[in-house]
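Comments concern the structure below.
The values are calculated or read from the model by the stated rules, or taken from the named source; none is laboratory data. Remember, predicted model here, so these are calculated numbers, not experimental data. Cβ placement follows ideal geometry from the backbone for every residue including glycine, while neighbour counts extend to all protein chains displayed. These accessible areas exclude ligands, DNA and RNA; they are computed on the full protein's heavy atoms, side chains included. Shrake-Rupley method; radii C 1.70, N 1.55, O 1.52, S 1.80 Å.
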Amino acid sequence: MKLPSTINRSLILIVPKQPFYDWSNALFPDLHQERASEERDYNSYLLEDELFLDNPKKELAKYWKPIFLNELFGQWTDESTYPKLTWKLFTEWFDFYKSSIVSDLTDQPIELQDDEY
């Protein structure tokens with residue numbers, strides 16, 4: 001039996017909590033109000049291999065702000081409306097889960113897409 005290939009990355013899954021949606025909903029009061037309990041699609045981020053989250057604040061020190069910004073940008077692109085980014089607010093607005101093994105189940109090459117705004 002051939003096992004799937006693994007890649008040399010860890011993965012963190014970011015799950016927004018209701019305060020994140022409350023912020024987003026306030027930006028668009030005339031649209032459908034999103035609820036955390038209704039969402040089923042979340043963003044994942046690849047990190048260095050074998051990242052351990054025994055001390056998430058320390059181990060995510062160089063990642064949580066870019067993740068936070070990307071999550072905010074996915075809702076609204078005007079950075080002047082963003083809240084002050086703090087670790088405390090990040091943990092109030094998001095749950096996160098890690099996976100230390102990332103398996104590639106396809107034989108297609110991984111392609112990178114760089115976006116700029």
Within segment 70-117, residues being free of Cβ contacts under 8 Å to residues at least 40 places away in the same chain, assigned to a helix (DSSP H, G or I) and either open to solvent by 70 Å² or more (accessible area, probe 1.4 Å) or basic (Lys, Arg) (or both) number 4
With the structure loaded, tell me whether LEU51 is touching a residue at least 40 places away in the same chain (Cβ under 8 Å), touching a Leu at 6+ places or on another chain (Cβ under 9 Å) and within 30 Å of LYS2 (Cβ to Cβ) or whether it fails that test. yes
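Which of the residues spanning segment 47-69 are more than 17 Å from ASP22 (Cα to Cα), hydrophobic (A, V, I, L, M, F, W, C) and assigned to a helix (DSSP H, G or I)? Give the derivation first.
To start, the set of residues in segment 47-69 that are more than 17 Å from ASP22 (Cα to Cα) comprises 47-67.
Then drop every residue that is not hydrophobic (A, V, I, L, M, F, W, C), which leaves 47, 51-53, 60-61, 64, 67.
If the condition is that a residue be more than 17 Å from ASP22 (Cα to Cα), hydrophobic (A, V, I, L, M, F, W, C) and assigned to a helix (DSSP H, G or I), then TRP64, ILE67 are the ones that fit.
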For segment 47-69, name all the residues that are open to solvent by 70 Å² or more (accessible area, probe 1.4 Å) and touching a Phe, Trp or Tyr at 6+ places or on another chain (Cβ under 7 Å). LYS57
Between SER24, SER44, which is farther than 30 Å from GLU111 by Cα and either within 16 Å of the chain's Cα centre (by Cα) or of a type in the set (A, V, I, L, M) (or both)? SER24
Answer yes if at least one residue in segment 36-46 is assigned to a loop (DSSP other than H, G, I, E, B), open to solvent by less than 40 Å² (accessible area, probe 1.4 Å) and of a type outside the set (Gly, Ala, Ser), and no otherwise. no
If we ask which residues in segment 1-29 are surrounded by fewer than 13 Cβ atoms within 10 Å (Cβ to Cβ) and part of a loop (DSSP other than H, G, I, E, B), their number turns out to be 7
